[in-house]
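The values are calculated or read from the model by the stated rules, or taken from the named source; none is laboratory data. Small disclaimer: the values here were computed from a predicted structure and weren't measured. Quick reminder, even Gly has a Cβ in these numbers, built from the backbone with ideal geometry, and neighbours come from all protein chains shown. Protein only, heavy atoms only, side chains kept; ligands, DNA and RNA dropped before computing areas. Shrake-Rupley method; radii C 1.70, N 1.55, O 1.52, S 1.80 Å.
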Amino acid sequence: MTRIRCARAMMLGLVAASSLVLSLAAPAMALTALGTIRITVEGSDPSVPLDGWEYAVSSENCAVPEGAVAVSDETGVASFLDLAVYAAEAEQTECSYVVVQSAREGYEQVTAQAELEGLTAGTPETEPATGVALTEAVGEFVNPTRNPEPNGSTLAISCLEGAGTAEIRAGRNPLTRECDLPSERKSGLRFAAVLTPDGEQLPPGEVVLAELAHLNQTIQRGLHNADLALSLTFTDLATGETPVVDATYTVRIDETEDLVFSASSCEYQGSDVPNRAFACADRVTLTQPDEAVVGLGTARVDVRLSFGAMGADGTCGAPTNEVFTAERADTAFCLLAVVEPVAQVEPTVVTVVNRSLDPAPTEEPRTDVSDPTESPTSTDDPARSPMPAETATGEPTHELIQTTTSGRTTDPSEGATSELARTGSSDAVGLALGALSALGGGAAVLAATRRRTLR
């Protein structure tokens, strides 16, 4: 069984299925490239609103969720997200989309419909990086058992060591029948992880995550079967997500005759069976766990656990669940992965211009009209002449304009004030009273003043 858990972050995806290899079989870009069509609404005049415009999207060669609708917001943006970029995974044929704007009463579309057809879901990066590392891998061998003997009896494992660790061995000396063999002379299994170096990331495509080795030695009463419990921690270097894949499967060893006189007498025959003149090859089978898909922000890791035999040149062979191993040799298997980067896609942006069928009239510049409550600045209209101010006694005061002998118009108050300051005579007082008489029409006051000054 395979189990995925996430430490310190939420997983983005999880799928389970059945397969034989820790890999991603489909091309990287084709499987994961998801894009966006972003619509920007504009108006031909200010009366056209930007929000509330409704759009539908369809495609002839790619699946689109039924009833997919996008509505523009107050900024005039409507988006269709998570659209497939490619229609055919192998050929990477692009999906072709059509966007249609719903009719809206009082407005019409200016942008030609042809500009909203044949749209792609965006432009993927040409060489996206995975951004994922294998930061921890733990493998432990547990539950060691032996196969029954030909007579049906089950014998105990002799000289067992390393149970619950990454290397388990067992078997007694066939000559002395004692546990006097050094560890390297015992048969068993070994697991070794290949972690991503600090500062690096898993490359796109096939990569080795770990090695499993069958340590095949000539012993008696060794182990035949054991469960390998794996815990693989991946880290998304961009988001910090750390999903953990837990998987357990069984390694079964069919132990054959260790001492023979001819390889032709061995049980298993074939070009891929490394029988030797003195001993027959053992058969190793791997019980597969379920597949699990780890989806991160920058990559997907499709976990299909199995091992391929490692060749003499250090490369991994095709994944398989059955391998024949030679006596007195260590046979290595590769734990493979094909890491698929999630393509970063630049959105496709289209602009839709709309106009109003009944645009608001253009506002004419208006003439500034004075507030009737304000004091007028002109006295041409007698009805709008300023009211005379009042004195402290409640009597109206008037301004007297005098003309000097030189013809210059003067302010009589200036002359009166100046004369009064200079002489302090009664002529200044008379001048002031005369001004009041002229403005108020007080003939009697004027006559009385004249009589007093002439006496």
Exercise for the section: Can you tell me which residue among A326, A309, A343 is surrounded by 15 or more Cβ atoms within 10 Å (Cβ to Cβ) and at pLDDT 80 or above? Expected result: A326
Problem - Cβ pairs under 6 Å, 6+ apart, first in the range 65-80 and polar (S, T, N, Q), second modelled with pLDDT of 95 or more and open to solvent by 60 Å² or more (accessible area, probe 1.4 Å) - result: S72/D51; S79/R38
Problem - Residue that is nearest to F191 (Cα to Cα), among those in the range 346-356 that are among the hydrophobic types (A, V, I, L, M, F, W, C) and open to solvent by 30 Å² or more (accessible area, probe 1.4 Å) - result: V349
Handout entry: So L230, is it buried (at least 18 other Cβ atoms within 10 Å of the Cβ) and part of a strand (DSSP E or B)
Key = yes
Exercise for the section: Inspect the range 60-77 for any residue being in the same structural domain as V349 (by the TED database), of a type in the set (D, E) and open to solvent by less than 50 Å² (accessible area, probe 1.4 Å) and give the result as yes or no. Expected result: no
Practice task
Go through T239, T250, T235 for me and flag whichever is within 25 Å of P148 (Cβ to Cβ), open to solvent by 20 Å² or more (accessible area, probe 1.4 Å) and not small (G, A, S).
Solution key: T250
Practice task
Could you tell me whether the range 91-101 includes any residue that is over 22 Å from the mean Cα position of the chain (by Cα), touching a residue at least 12 places away in the same chain (Cβ under 8 Å), surrounded by fewer than 14 Cβ atoms within 10 Å (Cβ to Cβ) and not in a strand (DSSP E or B)?
Solution key: no
Practice task
Just name the residue that is most open to solvent (accessible area, probe 1.4 Å) out of those in the range 78-90 that are of a type in the set (A, V, I, L, M, F, W, C) and within 16 Å of I39 (Cβ to Cβ).
Solution key: L81
Completion exercise
Selection from the range 317-360 of residues within 35 Å of the chain's Cα centre (by Cα), of a type in the set (A, V, I, L, M, F, W, C) and closer than 30 Å to L286 by Cα yields C334, L335, L336, A337, V338, V339
Handout entry: Any hit, the range 260-271, residues being at pLDDT 85 or above, touching a Pro at 6+ places or on another chain (Cβ under 7 Å) and assigned by the TED database to the domain that holds D236
Key = no
Handout entry: Single residue of the range 205-219 satisfying the filter (surrounded by fewer than 19 Cβ atoms within 10 Å (Cβ to Cβ) and at pLDDT below 90) that is nearest to the chain's Cα centre (by Cα)
Key = G205
